[in-house]
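What follows is one structure encoded as structure tokens, with my remarks underneath.
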Amino acid sequence: MYEDILTFWFQELTPQQWWQADEEFDNTIKQRFLTILQQAAAGELAHWRQAVKGRLAEIIVLDQFSRNVYR
């Protein structure tokens with residue numbers, strides 16, 4: 001599951017997209033990752049921390065995706 005986040009963030013997007021405020025982009029993240037964000041915020045994905053890539057994905061979800069979802 002966290003591989004999908006890393007693929008989206010690092011392969012489907014450009015670094016410029018990470019920081020721009022764009023309603024369509026925000027909606028894409030909501031549609032694809034809102035449930036994962038809610039699970040991560042509730043601590044349900046703590047097992048991801050056992051893998052380096054899982055830790056990175058959790059950081060992206062909680063830090064970056066939350067900005068897009070709750071903008």
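What single numbered condition from (1) modelled with pLDDT under 95; (2) exposed (fewer than 11 other Cβ atoms within 10 Å of the Cβ); (3) not small (Gly, Ala, Ser) fails to hold for Asp22? Here Asp22 meets the rest and fails (2). Within region 40-58, the set of residues being surrounded by fewer than 16 Cβ atoms within 10 Å (Cβ to Cβ) and assigned to a helix (DSSP H, G or I) comprises Ala41, Ala46, His47, Arg49, Gln50, Val52, Lys53, Arg55. Total residues in region 1-17 satisfying the condition of being free of Cβ contacts under 8 Å to residues at least 12 places away in the same chain, hydrophobic (A, V, I, L, M, F, W, C) and either touching a Lys or Arg at 6+ places or on another chain (Cβ under 7 Å) or assigned to a helix (DSSP H, G or I) (or both): the figure is 1. Restricting the first member to region 46-71 and to residues that are among the hydroxyl-bearing types (Ser, Thr, Tyr), and the second to residues that are surrounded by 12 or more Cβ atoms within 10 Å (Cβ to Cβ) and assigned to a helix (DSSP H, G or I), the beta-carbon pairs closer than 7 Å and six or more apart or on different chains are Ser66/Leu37. Among the residues of region 40-47, is there at least one that is in contact with a helix residue (DSSP H, G or I) (Cβ under 6 Å, 6 or more places away or on another chain), at pLDDT 95 or above and charged (D, E, K, R)? So far as region 40-47 goes, no, none of its residues is in contact with a helix residue (DSSP H, G or I) (Cβ under 6 Å, 6 or more places away or on another chain), at pLDDT 95 or above and charged (D, E, K, R).
The values are calculated or read from the model by the stated rules, or taken from the named source; none is laboratory data. Note that the coordinates shown come from a computational prediction; the quantities given were computed from them, not determined experimentally. Note that each Cβ is placed from the backbone with ideal geometry, even for glycine, and that neighbours are counted across all protein chains shown.
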